[in-house]
Amino acid sequence: MSCIFCMIAGGQIESKKVYEDEKVVAFNDLNPVAPYHILVVPKKHYESVIDIPENEMEIVAHIHNVIKKISKDLGFDKTGFRVITNCGEDSGQEVKHLHYHVLAGKKLPNYEALDK
Ligand code: AMP
Ligand code: ZN
């Protein structure tokens, strides 16, 4: 198995976990860009959002419930946060295993930087 997030989900590679259940693991990003930078990852391998079969879309709702729980547990539900999932080349997706970045703990930049 060569997928790094499959290996983290399976426990073969260490991570700083903040949440885990039978379907999902959430851990701190290795190169954080905000005081909280958490990756929420399904244990089942999907390359990105467009690779989730229609009949398995409940995983997306589950991930959102997990994000909500983490935000409350860590307290940034009050101050706000951003959720990002990259998909494919133009997004700069590096790890080809579906994951949601959760960024919090500071005022995040607006979208003007994207308009270049
Ligand atoms: P993306 O560009 O959306 O594919 O983001 C991949 C993210 O995974 C980057 O923010 C990396 O810093 C992060 N990352 C890569 N390897 C690890 C790892 N072993 N543990 C935690 N985060 C990682
Ligand atoms: Zn994987």
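Under 15 Å of direct C-alpha separation, and excluding same-chain neighbours fewer than eight residues apart, Lys17 reaches these aspartates and glutamates: Asp29, Asp73. For the set Glu20, Glu58, the ranking by accessible area, highest first and with no ligand, DNA or RNA atoms included, is Glu58, Glu20 under a 1.4 Å probe.
Cα centroid separation, the range 50-116 to the range 1-28: 16 Å.
Annotation: amide H of Val25 within the under-5 Å range of Val41, Lys43, sequence separation 5 or more or interchain, hydrogens built in the peptide plane. Semi-axis lengths, largest first, of the ellipsoid equivalent to the chain are 21, 18, 15 Å, with √(5λ) applied to each eigenvalue of the Cα gyration tensor.
Each label point was placed 7 Å from the Cα along the Cα-to-Cβ direction; for Ile13 and Lys44 their separation is 2.2 nm. Among the listed pairs Lys68/Lys96; Lys23/Lys78; Lys44/Lys107; Lys16/Lys116; Lys23/Lys116; Lys23/Lys107, those with a Cα-Cα distance over 28 Å are Lys44/Lys107; Lys16/Lys116; Lys23/Lys116; Lys23/Lys107. By the Cβ-Cβ criterion of under 4.7 Å, the unpaired cysteines of the chain are Cys87. Straight-line cross-link partners of Lys69 among the aspartates and glutamates, defined as a Cα under 17 Å from its Cα and at least 8 positions apart when in the same chain: Glu20, Asp21, Glu22, Glu58, Asp77.
Available extension along the chain between Glu89 and Leu30 is 19.1 nm, counting 0.36 nm per residue and deducting the alpha carbon span.
The values are calculated or read from the model by the stated rules, or taken from the named source; none is laboratory data. Here the structure is a predicted model, which is why all the values come from computation and not from measurement. Cβ: placed from backbone, ideal geometry, glycine included. Neighbour counts: every protein chain shown. Accessible surface areas use protein heavy atoms only, side chains included; no ligands, DNA or RNA. Shrake-Rupley method; radii C 1.70, N 1.55, O 1.52, S 1.80 Å.
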